[in-house]
Amino acid sequence: HVQLVESGGGSVQAEGSLMLSCGYTHNSNCMGWFRQITGKERERVAVIEDDGTITYADSVKGRFAISLDNAKNTLHLQMNSLKPEDTGIYYCAAGAHYSSGACYLSWRGPDNFEYWGRGTQVTVSS
């Protein structure tokens, strides 16, 4: 089993920044950040694959950056220009590729993330 532990959440004013970190026990084909915003279903925020491919949700493009430090077994999400609508619980997740080699069938569709952290709260105040 892959174990994941998020850290770095907190409260920040709009336009501020936070960096989330996720320690993990094993490398995976797919590593990503998800969030659960009040009133919305869980959504993918950013995914990084073992070939280096990075994909972001449209809502965070240009503001968030995902990175993976394999040497330190740590996944990061740098969040800049935060907005109140970014408020939610952020989760680190890991999983294997589908047989197609993809981490998800479509951005908003099913995915193959099997292992999850417990989440870290991010609160952005206006």
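Taking the range 42-84 and the strands (runs of 3 or more DSSP E) fully enclosed by it, the elements with 3 or more residues that are open to solvent by less than 60 Å² (accessible area, probe 1.4 Å) are at 43-49, 64-69, 74-79. Once the range 85-118 is narrowed to residues that are open to solvent by 30 Å² or more (accessible area, probe 1.4 Å), part of a strand (DSSP E or B) and touching a Phe, Trp or Tyr at 6+ places or on another chain (Cβ under 6 Å), the residue that is modelled with the lowest pLDDT is Asp111. A count restricted to the range 85-126 and to residues that are touching a Cys at 6+ places or on another chain (Cβ under 9 Å) and without any contact (Cβ under 8 Å) to a residue 12 or more places away in the chain stands at 1. Consider the range 1-26 and keep the residues that are outside any strand (DSSP E or B) and over 18 Å from Arg118 (Cα atoms). The one that is nearest to the chain's Cα centre (by Cα) is Ser17. Could you please let me know if Leu82 is touching a residue at least 40 places away in the same chain (Cβ under 8 Å) and more than 22 Å from His1 (Cα to Cα)? Criteria met by Leu82.
Residue count for the range 17-35 satisfying the condition of being over 18 Å from Ala71 (Cβ atoms) and exposed (fewer than 15 other Cβ atoms within 10 Å of the Cβ): 1.
The values are calculated or read from the model by the stated rules, or taken from the named source; none is laboratory data. Keep in mind the model is a prediction, meaning the values are calculated, not measured. Please note: Cβ atoms are built from the backbone with ideal geometry, for glycine as well, and neighbour counts cover all protein chains shown. All accessible areas refer to the heavy atoms of the entire protein, side chains included, with ligands and DNA or RNA removed. Shrake-Rupley method; radii C 1.70, N 1.55, O 1.52, S 1.80 Å.
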